[in-house]
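One structure is given below, encoded as structure tokens.
The values are calculated or read from the model by the stated rules, or taken from the named source; none is laboratory data. Worth saying up front: this structure is predicted, and the values here are computed from it rather than measured. Neighbour counts run over all protein chains shown; Cβ positions are idealised from the backbone, glycine included. Side chains are part of the model used for accessible areas, which takes the heavy atoms of the whole protein and leaves out ligands, DNA and RNA. Shrake-Rupley method; radii C 1.70, N 1.55, O 1.52, S 1.80 Å.
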Amino acid sequence: MTVLYRLAKEQLSKQFHYDFGLRALKSVLVMAGALKRGSPDLSEELVLMRALRDMNLPKFVFDDVPLFLGLINDLFPGLDCPRVRYPQLNDILEADFAEHKYQVLLDSSEEVD
């Protein structure tokens with residue numbers, strides 16, 4: 001965890017709202033504990049990867065997302081952790097976006113024109 005945060009602090013853009021200190025570490029550990037209790041069959045490595053990803057991705061600016069995901073993939077090689085999907089909610093939102101002529105970007109590497 002500390003390696004990821006050190007690398008993120010060095011390589012990602014400097015944003016005022018980025019926090020890679022003890023408060024962020026504690027939040028990740030609390031989330032990882034909740035995930036492990038909720039899914040005891042998951043490996044600890046997968047639980048930690050998911051907690052790190054899910055706790056940090058929402059705060060990153062668009063350009064930093066691929067960089068952070070690259071760091072995660074480097075630190076957890078060969079480990080695949082698909083995003084949790086909420087089918088009913090996502091289908092309703094995607095239909096509403098299409099109705100209002102918005103483009104849905106499903107991959108963070110897709111570029112915005």
Options (1) 19.3; (2) 13.4; (3) 8.5 are given for mean projected area of the Cα convex hull in nm², and the computed one is (3)
Of every hundred units of 1.4 Å-probe accessible area on the chain, the number belonging to carbon and sulfur atoms, as a percent, is 58 percent
Here, Gln88 and Gln11, labelled 7 Å along Cα→Cβ, have an inter-label distance in nm of 4.0 nm
Relative to the chain, whose Cα atoms define the longest principal axis, helix 44-56 and its Cα axis are tilted in degrees, nearest 10, by 60 degrees
With every protein chain kept in place and a 1.4 Å probe, the chain has an accessible area per residue in Å² of 72 Å²
Only helices counted: for the chain, with every DSSP H run of 4 or more residues adding -39500 (n - 2.57) and the sum spread over all residues, [θ] at 222 nm is -18000 deg cm²/dmol
Expressed in nanometres to one decimal, the distance between label points 7 Å along Cα→Cβ at Ala34 and Val61 is 2.9 nm
About its Cα centre, the chain carries a charge dipole, from +1 on Lys and Arg Cβ atoms and -1 on Asp and Glu Cβ atoms, whose size in debye to the nearest 20 is 740 debye
For the chain, longest principal axis from Cα atoms; helix 2-11 axis from its Cα atoms; angle between them, nearest 10 degrees, is 50 degrees
Listed by chain and number, the lysines with an alpha carbon less than 30 angstrom from that of Lys26, same-chain partners under 8 positions apart left out, are Lys9, Lys14, Lys36, Lys59
